[in-house]
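Input: a single structure, listed below in structure tokens.
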Amino acid sequence: MKEDEAFLRNMAHEFEEGFNRGDVDRIMRFYGDTYVDVNLRQPVQTRAARREYYVHVMRRPGLHVHVQPDDILIRGDLAFVRGTILLTQVVSGAATQTELRYLEVSERTPDGGWQVLWGMDGPVQEYDPPDS
């Protein structure tokens, strides 16, 4: 179980490194033939479509990501990874930051690794419960 968690945490690290270096192939190692991106209007993507999506996103100048998997839940051959993504974009010397939460569902591969199947992310929402 610890090896699986380490593998999944390393996937997040490799995504961060690949994205920040503009290395789409480094990112795509963890995707199979189909991926579902819940945030997209047409969420089901082929591997080629997902690759093109990342090529497009990584063209944004000054964009940097930091990925932090906060919780990993493994149930058999499925893993659920919940975490935080910090997006920083620097344009003309001014930096803006956006904090997102993400959830990914991965499946164990026949060789014992993991492959991302589904994912979604969104901005953090503030909630202050009313005083009781």
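Since every read-out is calculated from the coordinates, none of them should be taken as a lab result. Note that this is a predicted model, so its numbers are computed, not measured. Note that each Cβ is placed from the backbone with ideal geometry, even for glycine, and that neighbours are counted across all protein chains shown.
Report, to one decimal in Å, the Kirkwood hydrodynamic radius for the stretch 68-132 based on all distinct Cα pairs. Intermediate results must be reported in sequence, preceding the final value.
Values: mean 1/r = 0.0705 Å⁻¹.
That comes to 14.2 Å for the stretch 68-132.
Could you check which residue among Thr34, Thr96, Thr46 shows the biggest mean-square fluctuation in a GNM of the chain with a 10 Å Cα cutoff?
Thr96
So, with +1 on the Cβ of K and R and -1 on the Cβ of D and E, and no other charges, what is the size of the charge dipole of the chain about its Cα centre, to the nearest 20 debye?
Computed about the Cα centre, the dipole is about 540 debye.
So what are the radius of gyration and Dmax for the Cα set of the stretch 2-120, in Å?
Gyration radius and largest Cα-Cα distance of the stretch 2-120: 14.3, 48 Å.
Please compute the contact order of the stretch 2-120 in relative form: average sequence separation of alpha-carbon pairs under 8 Å and at least six residues apart, divided by the residue count, as a percent. Spell out each step's value before the answer.
On the way: 202 pairs, mean separation 28.5, N = 119.
It rounds to 24 percent for the stretch 2-120.
Put +1 on the Cβ of each Lys and Arg and -1 on the Cβ of each Asp and Glu in the stretch 2-120; which of Pro61, Leu73, Ser106 then has its Cα farthest toward the positive end of the dipole?
Of the listed residues, the answer is Pro61.
Pick from Gly22, Gly112, Gly93 the residue whose mean-square fluctuation is largest in a GNM of the chain, springs joining Cα atoms under 10 Å.
The residue that fluctuates most here is Gly93.
Please report how far the C-alpha centroid of the stretch 84-125 lies from that of the stretch 7-46, rounded to the nearest whole angstrom.
9
Could you list which residues have their amide H under 5 Å from that of Leu63, counting only those 5 or more apart in sequence or on another chain, with H placed in the peptide plane?
Correct list: Val90.
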